[in-house]
1. Can you find, within the stretch 64-79, the residue that is farthest from ARG53 (Cα to Cα) among those that are in a strand (DSSP E or B), touching a strand residue (DSSP E or B) at 6+ places or on another chain (Cβ under 8 Å) and of a type outside the set (A, V, I, L, M, F, W, C)?
2. Counting just the residues of the stretch 37-63 that are free of Cβ contacts under 8 Å to residues at least 12 places away in the same chain and outside any loop (DSSP other than H, G, I, E, B), which one comes out farthest from the chain's Cα centre (by Cα)?
3. Name every residue in the stretch 12-29 that is buried (at least 18 other Cβ atoms within 10 Å of the Cβ) and hydroxyl-bearing (Ser, Thr, Tyr), in order of residue number.
4. Which residue, of LEU60, LEU73, is farther than 15 Å from MET1 by Cβ, surrounded by 14 or more Cβ atoms within 10 Å (Cβ to Cβ) and not hydroxyl-bearing (Ser, Thr, Tyr)?
5. Just wondering, is there one or more residues in the stretch 80-88 that are closer than 20 Å to LYS20 by Cβ, in contact (Cβ under 8 Å) with a residue 40 or more places away in the chain, in a strand (DSSP E or B) and in contact with a strand residue (DSSP E or B) (Cβ under 6 Å, 6 or more places away or on another chain)?
6. Which of the residues belonging to the stretch 1-36 are among the hydrophobic types (A, V, I, L, M, F, W, C), in a strand (DSSP E or B) and within 17 Å of PHE79 (Cβ to Cβ)?
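Values quoted throughout were computed directly from the atomic coordinates according to the rules given, and no laboratory measurement underlies them. Just so you know, these numbers come straight off a predicted model, no measurement behind them. In this analysis, Cβ positions are derived from the backbone assuming ideal geometry, glycine residues included, and neighbour counts consider all displayed protein chains.
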Amino acid sequence: MVTRNTKALLTVNEGQYRTKILEFEKECYSIQKPLHILEKSCLRFGATLAGRRRAAASLLGTNNMLPAPVKPLYGLYMFPIASDKNEHNIWLSYYAIKHCVSLGKYAMIHFNDDSTLEVHVSARIIDNQRKKTAQVIAGMAYQLFLNPDEG
């Protein structure tokens, strides 16, 4: 389950485990794939992952590497660093990230708890994904709180 303590969901293939879950206080493993964990988390909060991502697609005007607004009112937004089909995809929690540093072809994610995670995509990709997620956050906030045409 994705919570406020979740920093990242890493796709793994270690025995029976399919996901390594990084949280602020611990690391754990799950037999479920990251998309299944995200789906269960969205359902727990009243929506499907597909529905949440359709909303993101509508706000962004694209279907590529869409963020997942897991529970928008609580600031739970996850974004992928690669395609869903990529076996090395990682999902990062938008608000868990302090900053990202370029390591050439790779990037180092610095989390708010001062832990780090090296990822095998460029800092530019991370930055683009963070910007897309920020657009979704702003768009959803507008729809939820500021849209005078609704309500």
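1. To start, the set of residues in the stretch 64-79 that are in a strand (DSSP E or B) comprises 68-71, 76-79.
Next cut, touching a strand residue (DSSP E or B) at 6+ places or on another chain (Cβ under 8 Å) only: 68-70, 76-79.
Going one step further and asking which of them are of a type outside the set (A, V, I, L, M, F, W, C), we end up with 69, 77.
Details: PRO69: 7, TYR77: 11 Å.
That would be TYR77.
2. SER58
3. The one that is buried (at least 18 other Cβ atoms within 10 Å of the Cβ) and hydroxyl-bearing (Ser, Thr, Tyr): THR19.
4. Working: LEU73 fails: surrounded by 14 or more Cβ atoms within 10 Å (Cβ to Cβ).
Of LEU60, LEU73, the one residue that is farther than 15 Å from MET1 by Cβ, surrounded by 14 or more Cβ atoms within 10 Å (Cβ to Cβ) and not hydroxyl-bearing (Ser, Thr, Tyr) is LEU60.
5. yes
6. Residues of the stretch 1-36 among the hydrophobic types (A, V, I, L, M, F, W, C): 1-2, 8-10, 12, 21-22, 24, 28, 31, 35.
If we keep only those that are in a strand (DSSP E or B) too, we end up with 8-10, 12, 21-22, 28.
Passing the criteria: ALA8, LEU9, LEU10, ILE21, LEU22.
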